[in-house]
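Single-structure report; data block below.
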């Protein structure tokens, strides 16, 4: 399908020409047998913890007149998740409860601590996080997770790993070099996708953000095959957490490197999100908002296609900014 009106801005660093679209690569291979795959339902959580009902005061001003009232509303739940590896404290993240096992798998993979699902022996919520009730019995709050890995000891690895993602004084060059050192995959995928294909995916992606539709305050991420099939979609108050959940799912399904897919996020593209995509072997990162300078530099360095400001409409019109590696965008069907 040829869109009636498409505006595409190609922003390159040090290059001004658009390369011809290369050939098409085969579909993802290597999916694990169904009976061997981890399921997010292994650790179910109450759905009521995803959103929280509140009574709020609404204020509107129209034609100089003030209107106020009370009504019910929903907000996205935000709770801490204390992550421990082999019994040692690793990280604390504020997240929306649900798919926590995926989140932990994705985080550990992004930091280079695990390479496959076989590296994780067990992931479980810790009992007795809080003592409540008249009897003083321990209650599982589902906010502390302990992961047993095959990598021992974990402490020296953690100290070396998190310096680039959490320290304030690390420069951009050092961060990119650290990512390339930890990366396991080369982003040499030569498939292409048409702009209309991205617009179509965005429409289905927006429709799939159920929690956002209720709260208006949550991020989304999805792993999408180059043919437009959305393999998995997750939501979280933290954009990095949403990405970790998606990549963690792919890791559990033995789908990494996801060379035949692109990552779609409802937020801006930061360095951390570009890092997570690269570590997962994803050659294209698409976001509906802007891209940071370090995300652009990272994408250019590793050969990733970075697209921002994706704006697709039901009538086929749309626009996007292509910051790096535009050769994976098929412009042959675009008029003008």
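Read-outs: derived from the displayed coordinates by stated rules, not from any lab. Keep in mind it's a predicted model, so treat the numbers as computed, not measured. Every residue, glycine as well, gets a Cβ built from its backbone with ideal geometry; the counts of neighbours run over all protein chains shown.
Please arrange 126, 287, 261, 121 by how many other C-beta atoms lie within 10 Å of their C-beta, fewest to most.
Listing 126, 287, 261, 121 from fewest to most nearby Cβ atoms yields 121, 126, 287, 261.
Taking neighbour Cβ counts within 10 Å as the exposure measure, how do 323, 185 sort from fewest upward?
Starting with the residue having the fewest Cβ neighbours, the order is 185, 323.
Rank the residues 282, 193 as a footprinting-exposure proxy: fewest other Cβ atoms within 10 Å of their Cβ go first.
193, 282
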